[in-house]
Amino acid sequence: MHSKKATHQHTKEHNRNLVLKNIFEHEVISRAELSRITGLTRTTVSEIVAEILEEGLALEVGIGESAGGKSPILLSLAKDSRHIIGLDIAQDHFRGALVNLRGEIKKMVSTPVAERFGAKPLTQIFEVLDQLVEASDQPLVGIGVGTPGLVNTAEGMVINAVNFDWKDYPLAHILRERYELPVFIYNDSQAAAMGEYLYGKYNLKGDNLIVINAGYGIGSGLIINGRLFQGDGGGAGEIGHVVVLPQGGAQCRCGHHGCLETVSSTQAILRQVRENPALSRRFAEPITLDEIVEAYQQGDEDIREMVFNAAYYMGRAVAALVGTLDIHQIVFVGEMTRFGEPWLEVIRQTMREFSLSRLAQSTEVEIGKLGSNATLLGAVAMLVSNYSLLFGHRFRSK
Ligand SMILES: [Zn+2]
């Protein structure tokens, strides 16, 4: 049972976070507006604002227009008052960034993955994070990590990531021990969804968004009512391993045959080129995605057919999502987006062909706005939107 004191503390924290949330959501805002929007009394707002100013999280930036009485003092988020570290554990790179409260990247460190197994990836992750911690000249809120595979965010565990042979791997705990900071880990596609939602500035009809991450692997992140929906086991949005070619599909790294990932990902495109001598001889070894994208842009018919086939199956997957969720904004991120508008148009057409027209008509399918930074910015966004984490770092003057 809650004691009276604990309940009071809880209410206070809730109100404080509510005020801070509104400071985040506005360019500038006065105490009177905060009171009106939050429904808190002016006295309560003034007390909370005093605390926020003392924490250095907001600044008084000028005088607003008077609505009759005294001209109000305007408050603005002190966007550089805290730094957050975002880390994207991608297929071939570890990319980390030092980010401010508005999602602006202050410093980026990237290193190609040297070895995938054993302790080596962790050593490289430490090298990236060490540099970012060293570079920060503001209090650090924490570390947000996006990783491929199935993740249990609450326990900070990577349940299964085939790329690195991680099984029930306590990644958050390991990083927390070393850096003595809050650490949160998310599936890379789920993080990308949160990044696009918070920083992509979409004109959403509802507070819902689907982000499909189509790169070496395929996954998606679902934002429902402004929150990441992770499902009962953390695996919501794992569309990459839905079987789309039950007969004769290639073997997937998950063990099944014909998963969406075996047709519509960059690894699928690369594999199909490498396995086809007539195609592979058009490229210099080792064949890279760069070369394939270039051939596609120059109109290589066989490559275009392969990419459009990938888009066709992706479009069917999108139709299934549209039919299930009726979410009107769908955004693609990941390396497959390098195939651009013609690839996207095949996805749109297929989606329409396999959906109720009433649902398909109101659905927008676009390419994401954050480019390759979606995952790491999303991992950061999760920490920033946990307003409680931002308090208690009172300014150490330099
Ligand atoms: Zn699979």
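Given (1) within 16 Å of the ligand (Cβ to nearest atom); (2) of a type in the set (Ser, Thr, Tyr); (3) without any contact (Cβ under 8 Å) to a residue 40 or more places away in the chain, where does SER280 come up short, assuming only one miss?
The single condition SER280 does not satisfy is (1).
Here's a check for you: in region 175-206, which residue that is closer than 14 Å to GLY371 by Cα and acidic (Asp, Glu) is most open to solvent (accessible area, probe 1.4 Å)?
The extreme case among them is ASP188.
List pairs: first in region 228-244 and free of Cβ contacts under 8 Å to residues at least 12 places away in the same chain, second away from the ligand (no atom under 16 Å from the Cβ) and not acidic (Asp, Glu), Cβ under 6 Å, 6+ apart or cross-chain?
From region 228-244, the pairs are PHE229/LEU222; PHE229/ALA236.
Kindly establish whether GLU305 is open to solvent by 60 Å² or more (accessible area, probe 1.4 Å), at pLDDT 95 or above and of a type in the set (D, E, K, R).
Taking the combined requirement at face value, the residue satisfies it.
Which members of region 245-275 meet the condition of being basic (Lys, Arg) and within 10 Å of the ligand (Cβ to nearest atom)?
ARG253
Can you list the helices (runs of 4 or more DSSP H) lying wholly within region 281-377 that have 1 or more residues being outside the structural domain of ASN100 (by TED's automatic domain parsing) and closer than 29 Å to HIS93 by Cβ?
Those helices (runs of 4 or more DSSP H) span 289-297, 301-325, 340-353.
Out of the residues in region 220-244 meeting the condition of being of a type outside the set (Val, Ile, Thr) and within 11 Å of the ligand (Cβ to nearest atom), tell me which one is farthest from VAL307 (Cα to Cα).
Result: GLU238.
Could you pull out every one of the strands (runs of 3 or more DSSP E) wholly within region 55-173 that has 3 or more residues that are surrounded by 14 or more Cβ atoms within 10 Å (Cβ to Cβ)?
58-63, 73-77, 83-89, 93-99, 105-112, 140-147, 150-152, 157-161
Is one or more of the residues making up region 244-261 under 26 Å from ASN160 (Cβ atoms) and in contact with a Pro (Cβ under 9 Å, 6 or more places away or on another chain)?
Within region 244-261 (the criterion being under 26 Å from ASN160 (Cβ atoms) and in contact with a Pro (Cβ under 9 Å, 6 or more places away or on another chain)), the answer is yes, since at least one residue qualifies.
The values are calculated or read from the model by the stated rules, or taken from the named source; none is laboratory data. Because the structure is a prediction, the values reported are computed rather than measured. Reconstructed Cβ throughout: ideal geometry from the backbone, glycine too, with neighbour counts over all protein chains shown. Heavy atoms of the whole protein, side chains included, go into the accessibility calculation; ligands, DNA and RNA do not. Shrake-Rupley method; radii C 1.70, N 1.55, O 1.52, S 1.80 Å.
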